[in-house]
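The values are calculated or read from the model by the stated rules, or taken from the named source; none is laboratory data. This structure is a prediction, so every number in the text was calculated from the model and none was measured. We place every Cβ from the backbone using ideal geometry, glycine too, and count neighbours over all the protein chains shown. Ligands, DNA and RNA are stripped out before the accessible areas are found, and what is left, the full protein with its side chains, is counted by its heavy atoms. Shrake-Rupley method; radii C 1.70, N 1.55, O 1.52, S 1.80 Å.
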Amino acid sequence: MEKAFEEIIKQIGEDLERDGLLDTPKRAAKAFEFLTEGYRRSVDEVVNDALFESDANEMVVVSDIELYSLCEHHLLPFIGKCHVAYIPNGKVLGLSKVARIVDLYARRLQIQEGLTTQIANTVQQVTGAEGVAVIIEARHMCMMMRGVQKQNSVMRTSAMLGVFKDNAATRAEFMSLIK
């Protein structure tokens, strides 16, 4: 990967011997490995058996989870927040594990629509919840820094599973809790 960054820097016309660029290929490779670490982790590793028996059967909401991902079309960042809710069905997930699931998928090349669905499906599979809801709100650098250059646009995506999809009142409760 370091060699690839060297070539990219050369191709844009920069001098790799310039003081500020001497270690840039190495630093860029290390940064890119970090930003894509989701490929090298699994759901089992992230959840780490933090699923607990519980009589709780009301909505659990974790809101405003920061997320940073890379657009798979331009390799530019999109940055935002994710709101996740589920209705337990005998088991609850350790609080930090919800954020870790978000990071697991955000740290891959993505489109926001796919990221939203992956998070919802994983929370559903891990918990066996009666329903899962995920909303992501993000700003995309590929839309802000290039192309159309719209600085104030925010993309919102949602995935609703189970009772969140089937029951308007449950969905409305979730929406009121994240505002």
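Annotations
- Of all the numbered requirements in (1) of a type in the set (A, V, I, L, M); (2) assigned to a helix (DSSP H, G or I); (3) open to solvent by 50 Å² or more (accessible area, probe 1.4 Å); (4) at pLDDT 95 or above, ILE79 misses one, and that requirement is (2).
- Residues satisfying the criterion are present in segment 85-99 (criterion: in contact (Cβ under 8 Å) with a residue 60 or more places away in the chain and surrounded by 23 or more Cβ atoms within 10 Å (Cβ to Cβ)).
- In segment 22-45, the count of residues that are open to solvent by less than 80 Å² (accessible area, probe 1.4 Å) and in contact with a strand residue (DSSP E or B) (Cβ under 8 Å, 6 or more places away or on another chain) is one or more.
- Number of the exception - ASN121 against (1) at pLDDT 95 or above; (2) part of a helix (DSSP H, G or I); (3) in contact with a strand residue (DSSP E or B) (Cβ under 6 Å, 6 or more places away or on another chain): (3)
- Flag for GLY38 being assigned to a helix (DSSP H, G or I), within 30 Å of VAL92 (Cβ to Cβ) and small (Gly, Ala, Ser): yes
- Selected residue (criterion: farthest from GLY114 (Cα to Cα)) from residues of segment 159-174 that are without any contact (Cβ under 8 Å) to a residue 40 or more places away in the chain and in a helix (DSSP H, G or I): ALA169
- All positions within segment 124-143 that are buried (at least 18 other Cβ atoms within 10 Å of the Cβ), part of a helix (DSSP H, G or I) and at pLDDT 95 or above: GLN124, VAL126, THR127
- Matching residues in segment 106-118 - criterion: being over 12 Å from CYS71 (Cα atoms) and either open to solvent by 10 Å² or more (accessible area, probe 1.4 Å) or out of contact with any strand residue (DSSP E or B) (no Cβ under 9 Å at 6 or more places or on another chain) (or both): THR117, GLN118
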